[in-house]
Structure formats: structure tokens, C-alpha cells
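The values are calculated or read from the model by the stated rules, or taken from the named source; none is laboratory data. Source: prediction; values computed, not measured. Positions of Cβ are backbone-derived with ideal geometry, glycine not excepted, and every protein chain shown enters the neighbour counts.
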Amino acid sequence: MSSIHAAFAITYPDFSLAVDLTLPASGITVLFGPSGSGKTTCLRAIAGLENPAHGRLQVGDEIWQCSEQGVFLPTHRRDIGYVFQEAGLFPHLSVQQNLEYGYRRIPASKRRISVDSICRFIGVSHLLDRSVHQLSGGEKQRIAIARALLTCPKLLLMDEPLSALDVKLKSEILPYLEKIHQELSIPVIYVTHSVRELARLADHVVLFQNGQVVVSDQAEVVMSDPGHQDIFGEELGSIFDTRVVDHHSDRITQLKSDNVTIWAPGHIGEKGQLYRCRVLASDVSIALYEPEQTTMLNRLPAVIVDIDHRKAQQGQVVVVLALSSHHRLLAQITLRSASELGLSVGMSVWAQIKSVALS
């Protein structure tokens, strides 16, 4: 598939949604926004669970919905997998029977992956003989994800699949979602209101607010735009897709992206493995000269490309720093500091990042 085009106009008595999106047909697209902003309604429309008077959905070369042509494929005829907030497993079936239920509903010619291989992929092979009642919340959700993947869909839809889980269970499942992203060629559209999930998983981001699309762009571009600080709040920051270069004896991992080297605490991944860094704007400081004798390992030359004054009344500004032609870093500092340092667009400065802030 080259792309996914989704355009819907949906009106309820107290809410309306109007979107016209062209999304990449690869990787993970995250629909993000506060509760009631329209992201789940948009996902339901893509799934065919909503039938707006005006709508069009084209997945690659296939038209699944077009109000002008009178085309509307019902949900069961759309080549999708759907993972809800709750796992929705059949309680009277074993884990294996739940998985085989979806697998057997598709023709043999469409099966591109076996039950055994997807169980190894998702890490649930040891659970096959169990009853659904014997599973933890995290295990149930992994089974739900595996069941959706076994239908070999053209498109995987995920509606806040981790929202009902605690922090520990979320951390257990996130690596499996990353594996789907990195190893399976199934495009994913993922709804969340968690900035952490967005920062870790997204290749493409669509920001929703009041039923409207604020922006639709690459994740790194959206996350490093200070114009969205009202949406991200205290979690405003930047992301970088890096590669593990080396591990050092003092338990520091060396990461690199383009010509930018970043040091992260602990032993992260294996050499050559991809690793996404997230740096909060509040954990970045600026110096006019290269800092010396400091505990901050990450000291990076940068050029100021913008200074955002939206929060100047609160005594803060957000400085946008170019680390390379591709990477932007945000620094949230006081208005006084910006004034005392005489910061201006075009200045060469040094950015300092707390290693412990990387995640």
C-alpha cells in the first residue's frame, strides 16, 4: 500500500468530527489528544463502526467507503484487526482456542503467519493451555493482540490498548508493540492519550482537538514543535531514533543518530539495535560556551532556530535548538535566563541534557 486516505464528517448533538487525512501505509500512526477530542470516533469510522453521511476511506488501491459512490464495506468485510481497551476474549475458550478462532475465520490463502510463530513473537506460547480466567490483565491484552495479528490484516487498529493496565504491565507490553512496528509489515493506527506511549511508538502523529485535526506529520517533527505545548503540557519534549553504538564499563550506553552522540545510563539493547530517546524540554539547559567540569554527560553544540514566547506571561520561553539538519531539541527555560544570555535566533550555543532524563 502507498497510503491510507480517511475523510469523515460526523455530527452528534453535542459533538462533531471533521477530518481529512492521508496517512502512511507503514509503521505506527498515533491518534493523540485529550478525552473527547475525536480520536476514537475517527478510529471507529475507519473500522466501519460509524457510518457518516459524508465519508471516504481508501486503503491503498481499495475503496472501503465512499458516500458519493454509495460504497460502504461493513466492518466484517474490512481487512482489519481491532484491539480494544479491554481484551474481549471468549471466557469459555482456552487461550489457544481464542487464538485459533480468528485464525480459522480467514481463508488458508491469506494466512501469512502461523499460530506457533505469532505466539513466540508475542511471548505467549506458555499460556496456550490456560483458561482466560487464569490470565493477568497484561497477558489478556497480549493474547488480544496476537489474535488480531493472526487474522493477517491489512490494517491493525488499536484503541488505547494499554489504558486499563498499570505502569508495570504497560512496560511489559510496550516492547511487543515495538516489535510489531519493527518486524511486521502491518500498518498500525493507535489511539492513546499517553504522551509516553506516543513518544515511544509513533512514526506519524495526528493531534486532535475538539473534533478537528491540529496537525498530521512525522512524530519527530510534531514532538519538537513548541506550538503544541498546550497539548503536551509538562511532557513537552523531543524524540530521536538512535542506534546503539557501544556499552561502556561504567554502565553507560553510547547512542548515535546522524552525527549526534548521546549517552544514556545503563546497559541498553545490543550493538546496532534501534533505540528511541525522549528528552523533556524541562531537562535541557543552554550555555553560551562548552561547559566544563559538569555532571551532565550530554553537551551538544546547537544553533537556535526559534524562541517561542507563548508562555512569556508565566516567565518561560521554549528555545528550539537544531542539533543537525534533521534533529531538533527543545529547551524550556526562564525568560530571565534567555534575557541574561542574550539568546537570539541564529546563535550558536551548547545544549546540556541530563542523561537520567532519557527514556
- Message: Based on this model, can you work out whether Ser257 counts as closer than 22 Å to Glu234 by Cα and polar (S, T, N, Q)?
- Response: no
- Query: Can you tell me how many residues in the range 271-304 are under 20 Å from Pro226 (Cβ atoms) and either free of Cβ contacts under 8 Å to residues at least 24 places away in the same chain or basic (Lys, Arg) (or both)?
  - Reply: 1
- Item | One residue from Ile268, Ile239 being closer than 29 Å to Ser339 by Cα, without any contact (Cβ under 8 Å) to a residue 60 or more places away in the chain and either small (Gly, Ala, Ser) or crowded, with 16+ Cβ neighbours inside 10 Å (or both) | Ile239
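Residue by residue, here is whether (1) charged (D, E, K, R); (2) in a loop (DSSP other than H, G, I, E, B) holds:
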residue: Glu86; (1), (2): yes, yes
residue: Gln97; (1), (2): no, no
residue: Ile106; (1), (2): no, yes
residue: Arg112; (1), (2): yes, yes
residue: Lys140; (1), (2): yes, no
residue: Ile143; (1), (2): no, no
residue: Ser163; (1), (2): no, yes
residue: Leu169; (1), (2): no, no
residue: Leu177; (1), (2): no, no
- Item | Filter result for the condition that a residue is outside the structural domain of Lys179 (by TED's automatic domain parsing), within 19 Å of Glu234 (Cβ to Cβ) and surrounded by fewer than 14 Cβ atoms within 10 Å (Cβ to Cβ), over Arg278, Arg336, Arg310 | Arg310
- Would the range 79-90 turn up any residue that is at pLDDT 90 or above and farther than 17 Å from Lys140 by Cα? yes
- Message: Among the residues of the range 86-93, are any more than 25 Å from Ala47 (Cα to Cα), hydrophobic (A, V, I, L, M, F, W, C) and surrounded by 14 or more Cβ atoms within 10 Å (Cβ to Cβ)?
- Response: yes
